[in-house]
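Okay, structure first, notes after.
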Amino acid sequence: MQALVKTHPGPGLELSDVPVPRPGPGEVLVRVAVAAVCGSDVARYRWSRNYEAGAAKDMTRDLPRILGHEFSGTIADVGPDAPPDLPAGTRVAIRNILGCGRCRSCVVGYASTCTRRRTIGVHTDGGYAEYAVVPAANCTVLDDGFDLHLAAALQPFAIATHAVDKAGLTPGATFAVWGLGPVGLGVVMAAALCGAAAVAAFDLNPERVAEARALGVPAYDPRETAPESVLAPRSAEALFDAAGAGAAVLEQAGTLVQRGPVVLIGNLPGRVDAELMPLIMAEQRILGVRSYSAPAWDRAVRTVASTPFHRTLGDEVPLGPAALERFELAASGGGRPFAVVPGSARNRAARAGAADRR
């Protein structure tokens, strides 16, 4: 089968022919339908210093690796001891976090902060391939009406749902967000479900700004419109960073209410140099969000279809040279959102059949 493989530390991916994997005990083989591409996938393609040996997201020891940690598909085969409720043909979305299942974080539904955490598509092979083996426990069963591209994009919406939970937004609350990719727009939509509204959103990509405005989001390029010109002092009840722009967001602490949170979600490219005394004087909080909690994932599955999140999904690109071209474009800061689709014709036919059954 074909797969996009990170073969060595440094920029790029390789399109390789690799064997179809076999499921082991408690595992299933998934025929991948759609594999989403998020900012961290692009960062791994570009290869930031976060992934070097000894850094916060050290990946060097796990190479070579088939990337792709957000994907959906159908069960093609099951290994020994797999649960009987996952027969071949079952449509599934994949939860990418592999926790130990025993530590305090895992027991309360926060495998994202498990000290032994691993990630499908980072520490084990992922979804940028025609097939992937995953633990049966990481499969969320989907009904026939759930679009498989939307299912592949569940993680960013679950992360956004988790971020909104941590911020404690309530009906009538206002907030600002930096970054208008799937997570940033997911924050806007998840917050709307609890009655909160974005008063300003910022992104350096003009296409993202335009798409956000088309969704009714008050979006701006901060190089053209200074955040402080549209955010009044103490007017926002939370500030969300979904762009890895931590320093720029912290500079706007004066627009945040006293005791309000600055929620850091994005991959920071390096160290952040910021003046923190204003936050101390206002008793503001800096909250980190790493992935999602189990309750946030479950709620995302139930609620995502009731939002316009499907409008963030972007293009479907066949697994092959075209996908590598789009990764290169994304790494340079350009292009529309996209997802990798192995066996494009086969998957389109399968999804059309699902639509016909609805």
Regarding the stretch 27-45, can at least one residue be identified that is surrounded by fewer than 19 Cβ atoms within 10 Å (Cβ to Cβ), assigned to a loop (DSSP other than H, G, I, E, B) and at pLDDT 90 or above? no
Quick check on the stretch 56-101: of everything there that is without any contact (Cβ under 8 Å) to a residue 60 or more places away in the chain and in contact with a Cys (Cβ under 8 Å, 6 or more places away or on another chain), which residue is surrounded by the most Cβ atoms within 10 Å (Cβ to Cβ)? G99
Go through L287, L268, L215 for me and flag whichever is aliphatic (A, V, I, L, M), within 14 Å of G184 (Cα to Cα) and within 22 Å of the chain's Cα centre (by Cα). L215
Considering only residues that are more than 18 Å from V262 (Cα to Cα), in a helix (DSSP H, G or I) and small (G, A, S), which ones fall in the stretch 189-202? A192
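Quick check: anything in the stretch 259-271 open to solvent by 70 Å² or more (accessible area, probe 1.4 Å) and in contact (Cβ under 8 Å) with a residue 24 or more places away in the chain?
Narrowing the stretch 259-271 to residues open to solvent by 70 Å² or more (accessible area, probe 1.4 Å): 259, 269, 271.
From the residues that got through so far, the ones that are in contact (Cβ under 8 Å) with a residue 24 or more places away in the chain too are 259, 269.
Yes - at least one qualifying residue is present in the stretch 259-271.
Could you check the stretch 234-251 and list, in sequence order, the residues that are open to solvent by less than 20 Å² (accessible area, probe 1.4 Å) and in contact with a helix residue (DSSP H, G or I) (Cβ under 8 Å, 6 or more places away or on another chain)? Lay out the reasoning, then the answer.
Kept after step one, since they are open to solvent by less than 20 Å² (accessible area, probe 1.4 Å), are these residues of the stretch 234-251: 236, 238-241, 244, 246, 249-250.
Listed by number, the residues that qualify are A236, A238, L239, F240, D241, G244, L250.
For the stretch 116-127, check the following and say yes or no: at least one residue is buried (at least 22 other Cβ atoms within 10 Å of the Cβ), of a type in the set (S, T, N, Q) and under 20 Å from L319 (Cα atoms).
Scanning the stretch 116-127 turns up no residue that is buried (at least 22 other Cβ atoms within 10 Å of the Cβ), of a type in the set (S, T, N, Q) and under 20 Å from L319 (Cα atoms).
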For the stretch 89-186, which helices (runs of 4 or more DSSP H) that fit wholly inside it have 3 or more residues that are under 15 Å from E70 (Cβ atoms)? 148-152, 154-167
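Given A56, A76, which one is of a type in the set (A, V, I, L, M) and in a loop (DSSP other than H, G, I, E, B)? I'd like the intermediate steps shown before the answer.
Details: A76 fails: in a loop (DSSP other than H, G, I, E, B).
Criteria check complete, one pass: A56.
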Take the conditions hydroxyl-bearing (S, T, Y), closer than 19 Å to A201 by Cβ and either touching a strand residue (DSSP E or B) at 6+ places or on another chain (Cβ under 6 Å) or at pLDDT below 95 (or both) and apply them to T307. Does it pass? no
Looking only at the stretch 2-17, which residues are open to solvent by 30 Å² or more (accessible area, probe 1.4 Å) and under 13 Å from G126 (Cα atoms)? Q2
Filtered residues of the stretch 121-156 (kept if under 13 Å from L29 (Cβ atoms) and of a type in the set (D, E)): D125, E130
With the checklist (1) modelled with pLDDT of 95 or more; (2) open to solvent by less than 20 Å² (accessible area, probe 1.4 Å); (3) among the small types (G, A, S) in hand, flag the one item S293 doesn't pass. (1)
Checking the structure you have, find out if any residue of the stretch 334-352 is touching a Ser or Thr at 6+ places or on another chain (Cβ under 9 Å), more than 23 Å from V183 (Cα to Cα) and either modelled with pLDDT under 95 or acidic (D, E) (or both). yes
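The values are calculated or read from the model by the stated rules, or taken from the named source; none is laboratory data. Small disclaimer: the values here were computed from a predicted structure and weren't measured. Neighbour counts run over all protein chains shown; Cβ positions are idealised from the backbone, glycine included. Keep in mind that these areas ignore ligands, DNA and RNA; they rest on the heavy atoms of the full protein, side chains included. Shrake-Rupley method; radii C 1.70, N 1.55, O 1.52, S 1.80 Å.
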